[in-house]
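Student: One structure, pasted below without further comment.
The values are calculated or read from the model by the stated rules, or taken from the named source; none is laboratory data. Treat the numbers as computed from the prediction; the structure is a model and nothing was measured. Cβ atoms come from the backbone with ideal geometry, glycine included; neighbour counts cover every protein chain shown. These area figures cover heavy atoms from the full protein model, side chains too; ligands, DNA and RNA do not enter into them. Shrake-Rupley method; radii C 1.70, N 1.55, O 1.52, S 1.80 Å.
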Amino acid sequence: MKYTISYRIKFYLCPRNQHPKQCFIIRIKAHKDQMVLQEKLTTHIKKATSDIYGVSPESVEFQATRKEFEGDITVVVFPMLKVIKGNPVQIGESIGTYLTEKVDEVSGYNVVKGFLNLVLSDSYFLEFFSNISNFSSYGIESTGTEAMMVEYASPNTNKPLHLGHMRNILLGYSVAEILKAAGKKVYKTQIINDRGIHICKSMLAWKRYGNGETPDSSGIKGDKLVGNYYVKFDKVYKEEIEELKSQGKPEEEAKATAPSLMEAQEMLRKWEAGDPDTVGLWKTMNGWVYDGFDKTYTSMGVDFDSYYYESDTYLLGKDNIEEGLAKGVFYRKEDGSVWCDLTEEGLDEKIVLRSDGTAVYMTQDIGTAIQRVKDHPDINGMIYTVGNEQEYHFKVLFLILKKLGFSWAKNLYHLSYGMVDLPSGKMKSREGTVVDADDLIEEMSKTAKDISEELGKIEEFSEDEKKELYHTIGMGALKYYILKVDPRKGILFNPKESVDFQGNTGPFIQYTYARIQSILRKATSLDEGSFENISLHPKEKELLKQLMIFPETIQAAASNYSPALIANYTYDLVKEFNSFYQNVTILGAESPSEKNFRVQLSNAVAEVIKSAFSMLGINVPERM
RNA sequence: GGCCCCGUAGUUCAAUGGAUAGAAUAAGAGUUUCCUAAACUUUAGAUGCAGGUUCGAUUCCUGCCGGGGCUACCA
């Protein structure tokens, strides 16, 4: 049987960076109760129009009733005009009358222009509420067999993580959690760019100027320490270029022949040849970096199921190129280089193997993707969390993998996001304008501390508890701030004023959770009696409606790869709850059953907040 | 030049082709004998421009203007 679609959301999914022709339609799984209701309404509406007008529409469009009108669900009459000739208001009236008579759940209606607003009975809402036994798992699907791999973070090992990485990490982690909640099996991974000229630069500078300095000896975090030597190299290198230029060499030549660079390149050759000293130092210094990264990841509350290192994967892909040549996916030019012709797809030709037989970045990515599926045979798709400057690269990569005939290649997605810029412009590590991740986390914590101390609500906390709370709130503010924005949009980050703790913010939502916990602590003896006969306050009804759409919001966030949908949903829920809280007494309710209901309702809201926030990687405090 | 993304209150963000474009913040006015005022209530304020499709366009199409990105035998 066909019926369209869900309570509020009809999603046509079209990933932003894919051609419209590749768009596909996803049907959102609405909550069972809603589906049953809409199916029921649709059947009756068809029957009604068929009885009255002799024809019925193929489908019926529903949407949430706007706040300023009375009603809970709205039937849009306009689309029916295609098959039913007549005045939309009259059609609405006749359907409304019919539904009120025939359908138990519909207790009234009104028609505004072409919108038929249906009022649903309190018992319908109460039944929905009673049927959910456990709000902590409400809306969350059990894990299916289809596995997705989500790649995120993927840093270079020559510098510490900064705000740009943080957006990547928060996005990737959150999308992975959302997919899990939507019923996917998920592998989180990253690819670490641990080899190449950049790390040799740090190694060289450390050898020359380091005097054996280590993270232990200096107390400097490993990634920072290595980063410092990368900067040191750059400084020396620039001096050498100036020196050469002053000797009359052209800039190009100076850049290419500066002694430090030549030496770093020599080091890279030694590394590739497996020179024990070079490889040893490389391992040591990368080890420092990983220790540093791990601290930052832990502090951010993110994790990975596996790691891929470029030092292991950079030779992958060549075999696949050979296979592709045999299949005719690629072709060889006269000079021996291998290419893929993508002109039919509206793109260019793309090189996949140099004329000297060495790999390019694309070669490696092809090989790594294939390797990942070998490592995890249940993978049926992959998500790459990478900035939007690499859109072209991934478009090409996905096309090539499709051409090579892999079944999973149709489920590849580039989770592309906009750059984080500062008021002064782009972040540039060499110009020292980057916002360092660790510093930012520290600063957020500090702000949370200042505000908490000013409010003075947690004086009985131990020092450890306070510290943990400041971190929870500070990270809540930062993560929410970044995740509530549509991923593809750029973020302008003003370190001085950007992250707020009031209004549409993480702490506001955390605060609401803490407030509810306070109520629950006080509501000690609850009678477990039913609340079937209570009549709902308008604010209660609004809350129930918002709770109803949580399951489909999770699905929508998953199909759109958008944590922003979860963030916005949670904010709406919380805003609604605070209004309820301020206008309706919970513990002071007149009857025990009303009190019981309101406490249960508050608890449900808290559980959904917790669950939604966990998908954003944000913790919630019991008190604040 | 070609291709892609983005232009919504002063600012930061919303809005499945649907109703009078929602919030937050900044500005103005209120609310604590009462469950945590990081809150609530309330007043003002916006779709870059020009066409088109549609009963209906912030949303889809075309052109223009403005911002960003990509366009290497680099990663």
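Student: Out of the residues in region A:429-442 that are in a helix (DSSP H, G or I) and at pLDDT 85 or above, state the one that is most open to solvent (accessible area, probe 1.4 Å).
Tutor: Of everything passing the filter in region A:429-442, A:Glu442 is most open to solvent (accessible area, probe 1.4 Å).
Student: Every residue in region A:314-368 that is of a type in the set (Val, Ile, Thr) and open to solvent by less than 70 Å² (accessible area, probe 1.4 Å), please.
Tutor: Matches in region A:314-368: A:Ile321, A:Val329, A:Val338, A:Ile351, A:Val352, A:Thr358, A:Val360, A:Thr363, A:Ile366, A:Thr368.
Student: So which of A:Ser593, A:Ser602, A:Ser535, A:Ser611 ends up being assigned to a helix (DSSP H, G or I), within 24 Å of A:Ile73 (Cα to Cα), touching a residue at least 60 places away in the same chain (Cβ under 8 Å) and more than 8 Å from RNA strand B (Cβ to nearest atom)?
Tutor: Selected residue: A:Ser602, the only one of A:Ser593, A:Ser602, A:Ser535, A:Ser611 that is assigned to a helix (DSSP H, G or I), within 24 Å of A:Ile73 (Cα to Cα), touching a residue at least 60 places away in the same chain (Cβ under 8 Å) and more than 8 Å from RNA strand B (Cβ to nearest atom).
Student: So, one more: When you check A:Val386 against the structure, is it in contact with a helix residue (DSSP H, G or I) (Cβ under 8 Å, 6 or more places away or on another chain), part of a helix (DSSP H, G or I), within 21 Å of A:Ile192 (Cα to Cα) and not aromatic (Phe, Trp, Tyr), yes or no?
Tutor: no
Student: Then there's this: Being closer than 27 Å to A:Thr385 by Cβ, of a type outside the set (S, T, N, Q), more than 9 Å from RNA strand B (Cβ to nearest atom) and out of contact with any His (no Cβ under 9 Å at 6 or more places or on another chain) is the requirement here; does A:Leu440 meet it?
Tutor: Here the answer is no, as A:Leu440 does not meet what is asked.
Results for (1) within 13 Å of RNA strand B (Cβ to nearest atom); (2) assigned by TED's automatic domain parsing to the domain that holds A:Lys238; (3) in a helix (DSSP H, G or I); (4) open to solvent by 20 Å² or more (accessible area, probe 1.4 Å), shown as yes or no for each residue.
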residue	(1), (2), (3), (4)
A:Trp408	no, no, yes, no
A:Met427	yes, no, no, yes
A:Met444	yes, no, yes, no
A:Thr447	yes, no, yes, yes
A:Asp450	yes, no, yes, yes
A:Glu453	yes, no, yes, yes
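Student: Right, here's the next one. Tell me whether region A:496-514 contains one or more residues that are surrounded by fewer than 21 Cβ atoms within 10 Å (Cβ to Cβ), modelled with pLDDT under 95, in a helix (DSSP H, G or I) and of a type outside the set (S, T, N, Q).
Tutor: No, that holds for no residue.
Student: Another question, then. Would you say A:Asn568 is modelled with pLDDT of 95 or more, in the same structural domain as A:Gly503 (by TED's automatic domain parsing) and open to solvent by 50 Å² or more (accessible area, probe 1.4 Å)?
Tutor: yes
Student: Here are the criteria: (1) surrounded by fewer than 20 Cβ atoms within 10 Å (Cβ to Cβ); (2) closer than 30 Å to A:Ile482 by Cα. Tell me which single one A:Pro259 does not satisfy.
Tutor: (2)
Student: On to the next question. Being away from RNA strand B (no atom under 12 Å from the Cβ), within 18 Å of the chain's Cα centre (by Cα) and aromatic (Phe, Trp, Tyr): is that true of A:Phe550 here?
Tutor: yes
Student: Now a separate question. Being in a helix (DSSP H, G or I), more than 8 Å from RNA strand B (Cβ to nearest atom) and open to solvent by less than 30 Å² (accessible area, probe 1.4 Å) is the requirement here; does A:Val620 meet it?
Tutor: no
Student: Here is a follow-up. For A:Asp421, indicate whether it is at pLDDT 95 or above and either under 28 Å from A:Ile491 (Cβ atoms) or open to solvent by 90 Å² or more (accessible area, probe 1.4 Å) (or both).
Tutor: no
Student: While we're here: If we scan region A:233-250, do we find a residue that is closer than 24 Å to A:Glu310 by Cα and either in contact (Cβ under 8 Å) with a residue 12 or more places away in the chain or basic (Lys, Arg) (or both)?
Tutor: yes
Student: Moving on to the next point. Considering only region A:491-521, state which residues are within 6 Å of RNA strand B (Cβ to nearest atom) and over 22 Å from A:Ile451 (Cα atoms).
Tutor: A:Ile491, A:Leu492, A:Ile519
Student: Then there's this: Suppose the filter is modelled with pLDDT of 95 or more, within 9 Å of RNA strand B (Cβ to nearest atom), touching a helix residue (DSSP H, G or I) at 6+ places or on another chain (Cβ under 7 Å) and among the aromatic types (Phe, Trp, Tyr); does A:Phe577 pass it?
Tutor: Yes; evaluated as a whole, the condition is true for this residue.
Student: Quick one: which residue in A:Arg269, A:Arg195 is free of Cβ contacts under 8 Å to residues at least 12 places away in the same chain and open to solvent by 30 Å² or more (accessible area, probe 1.4 Å)?
Tutor: Answer to the check: A:Arg269.
Student: If you don't mind, another one. Identify, from the list A:Leu99, A:Leu163, A:Leu81, A:Leu118, the residue that is of a type in the set (A, V, I, L, M, F, W, C), within 16 Å of RNA strand B (Cβ to nearest atom) and within 30 Å of A:Ser202 (Cα to Cα).
Tutor: The conditions single out A:Leu163.
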